[in-house]
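Have a look at the structure below, then the notes.
The values are calculated or read from the model by the stated rules, or taken from the named source; none is laboratory data. This is a predicted model, so every value here is computed, not measured. Neighbour counts run over all protein chains shown; Cβ positions are idealised from the backbone, glycine included. Accessible surface is based on the protein model in full, side chains and every heavy atom, while ligands, DNA and RNA are left aside. Shrake-Rupley method; radii C 1.70, N 1.55, O 1.52, S 1.80 Å.
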Amino acid sequence: MKKIFLAVGVSLFAVGAQAADLSESCTKYFEQIDQFVAKSGQNPAMAGMKDQLEASKTQLASLPKEVQEQSCTQGIDALKQMEAALPK
């Protein structure tokens, strides 16, 4: 489980941008991440994830749209896997 959180954290850190400069898939990805963080609430493994999310949004703006699309599509897939692995 910790590996999954680490993977998402790393992908969030590797991906990043200003909301106005995000591709469509990245806008969707960050909306889903926001929802996931909100659902996760008090989980200690999620501590600091919001800060990483904001850093990722900032970094993403400097990437070409094609790279954003590829990165965020992979992020969406990873997030789906992580949500499926969490206890209901």
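Condition (residue is modelled with pLDDT under 80, buried (at least 16 other Cβ atoms within 10 Å of the Cβ) and assigned to a helix (DSSP H, G or I)) applied to the range 75-83: is it met by at least one residue? Even if it seems obvious, please write down each step before you answer.
The initial filter retains those residues of the range 75-83 that are modelled with pLDDT under 80, namely none.
No, that holds for no residue.
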Task: Residue selected from the range 53-73 under the condition assigned to a helix (DSSP H, G or I) and at pLDDT below 85, by the criterion most open to solvent (accessible area, probe 1.4 Å) - done: GLU54
Task: Candidates VAL37, VAL10 - the one that is assigned to a helix (DSSP H, G or I), open to solvent by less than 70 Å² (accessible area, probe 1.4 Å), within 19 Å of LEU86 (Cα to Cα) and modelled with pLDDT under 85 - done: VAL37
Task: Cβ pairs under 7 Å, 6+ apart, first in the range 63-84 and closer than 16 Å to LEU53 by Cα, second assigned to a helix (DSSP H, G or I) and open to solvent by 70 Å² or more (accessible area, probe 1.4 Å) - done: ILE76/LYS28
TODO: Working only within the range 13-34, note down all residues that are at pLDDT 75 or above and open to solvent by 20 Å² or more (accessible area, probe 1.4 Å).
DONE: ASP21, LEU22, GLU24, THR27, LYS28, GLU31, GLN32, ASP34
